[in-house]
1. Kindly indicate whether Leu89 is closer than 23 Å to Ser26 by Cβ, out of contact with any Pro (no Cβ under 8 Å at 6 or more places or on another chain), open to solvent by 40 Å² or more (accessible area, probe 1.4 Å) and hydrophobic (A, V, I, L, M, F, W, C).
2. If you go through the stretch 74-98 one residue at a time, how many are free of Cβ contacts under 8 Å to residues at least 60 places away in the same chain and in a helix (DSSP H, G or I)?
3. Can you tell me which residues in the stretch 11-26 are open to solvent by less than 40 Å² (accessible area, probe 1.4 Å) and either within 10 Å of Arg48 (Cβ to Cβ) or at pLDDT 85 or above (or both)?
4. I need the full set of residues from the stretch 137-158 which are in a loop (DSSP other than H, G, I, E, B) and open to solvent by less than 10 Å² (accessible area, probe 1.4 Å), in order please.
5. Under 7 Å by Cβ, and 6 or more places apart or on different chains, what pairs join a residue from the stretch 115-127 that is within 12 Å of Ser149 (Cα to Cα) and assigned to a loop (DSSP other than H, G, I, E, B) with one that is aromatic (Phe, Trp, Tyr) and open to solvent by 10 Å² or more (accessible area, probe 1.4 Å)?
6. Of the residues Arg223, Arg236, only one is out of contact with any His (no Cβ under 6 Å at 6 or more places or on another chain), modelled with pLDDT under 95 and either surrounded by 18 or more Cβ atoms within 10 Å (Cβ to Cβ) or not β-branched (Val, Ile, Thr) (or both); which?
7. In this structure, does Gln104 turn out to be open to solvent by 60 Å² or more (accessible area, probe 1.4 Å) and in contact with a Lys or Arg (Cβ under 8 Å, 6 or more places away or on another chain)?
8. Looking at Leu148, Leu73, Leu89, Leu116, can you tell me which residue is touching a strand residue (DSSP E or B) at 6+ places or on another chain (Cβ under 7 Å) and either modelled with pLDDT of 95 or more or under 22 Å from Val39 (Cα atoms) (or both)?
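The values are calculated or read from the model by the stated rules, or taken from the named source; none is laboratory data. Bear in mind the structure is a predicted one, so any value in this text is a computation, not a measurement. Cβ: placed from backbone, ideal geometry, glycine included. Neighbour counts: every protein chain shown. These area figures cover heavy atoms from the full protein model, side chains too; ligands, DNA and RNA do not enter into them. Shrake-Rupley method; radii C 1.70, N 1.55, O 1.52, S 1.80 Å.
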Amino acid sequence: MLTSLPDELLSQILSWIEPPHTQRLSSISTQFRSVTSSVSFAKTNLLRFHPLPPSTSNASHAKVNEAPSALDLSIFKAQSNYQSAYTQLYLTQYSSLYWSYKEQINGSRIPDSLGLLSSSLVHLNLTFCGLVGEIPISLMDLVKLNTLSLYGNALCGRIPSKIKQLSRLKTLILYGNRLSGPIPPELGLLLNLRFVNLSQNQLSGTVPKEIGNLFMIEEFHVRQNCLSGMVPEEIRKLENAYLLDFRFNEGLNVGFEFPSLVK
């Protein structure tokens with residue numbers, strides 16, 4: 001019986017079973033679960049059936065993936081060790097992932113493993129994919145990001161305060177989700193931001209005065225939330241802004257005039 005084999009030999013045998021089936025083996029026995037749950041096993045298993053293209057080892061991180069394969073999208077429903085293995089093997093060559101309108105991943109969570117792309121990823125777009133759950137804290141490790149676009153999903157929870165780590169971020173689009181809690185004051189530390197859209201969520205509390213530090217901002221949208229209190233006077237320092245949209249926040253008040261302000 002296979003369960004009587006040493007772990008190393010069992011691992012070699014099981015790695016020749018196609019990945020979708022291999023991931024179901026953990027329910028057979030404790031030994032199978034132990035053997036198949038590591039990232040190294042998942043890498044070996046994936047490479048058996050999906051060898052790396054010759055150019056991958058010399059990739060310059062300048063590639064754009066805007067037509068993900070079924071294999072790419074399978075990461076969203078895979079076990080965590082396969083998510084990490086797939087990300088490290090096949091996605092580090094890309095600087096941009098534009099994966100929008102993918103009904104195949106409807107109801108999935110954003111894989112934590114995408115945070116492993118910290119040395120390569122510049123643009124991440126996962127719009128209108130029906131994604132659920134919270135924004136993974138691991139995405140805050142993507143310190144080279146210029147663009148983070150997750151709009152039109154069903155993401156919930158808070159905007160992570162660790163967003164302050166994304167110091168190169170220029171575009172942040174989170175509208176049309178179910179995000180709640182306050183706008184994190186740490187957003188005001190992202191001094192390269194040009195465009196922010198947090199509209200159509202369930203954000204509450206006041207608009208942090210730190211938003212007034214975003215001197216490069218051109219558009220800032222927070223309409224249709226549950227914000228309250230007074231819009232801080234610091235907003236008037238945003239001289240480069242041509243659209244500041246605070247509409248449809250029932251408890252929010254603006255006590256001043258400003259050319260780009262839409263109340």
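1. In short, no.
2. Within the stretch 74-98, residues that are free of Cβ contacts under 8 Å to residues at least 60 places away in the same chain and in a helix (DSSP H, G or I) number 15.
3. Once the filter is applied, which keeps residues that are open to solvent by less than 40 Å² (accessible area, probe 1.4 Å) and either within 10 Å of Arg48 (Cβ to Cβ) or at pLDDT 85 or above (or both), the stretch 11-26 yields Ser11, Leu14, Ser15, Pro19, Thr22.
4. Listed by number, the residues that qualify are Leu142, Leu145, Leu150.
5. Filtered contacts from the stretch 115-127: Thr127/Tyr151.
6. On the way: Arg223 fails: modelled with pLDDT under 95.
When all the criteria are applied, what remains is Arg236.
7. On the way: open to solvent by 60 Å² or more (accessible area, probe 1.4 Å): yes; in contact with a Lys or Arg (Cβ under 8 Å, 6 or more places away or on another chain): no.
Spelling it out, it is not the case that Gln104 is open to solvent by 60 Å² or more (accessible area, probe 1.4 Å) and in contact with a Lys or Arg (Cβ under 8 Å, 6 or more places away or on another chain).
8. Checking each option against the conditions leaves just Leu148.
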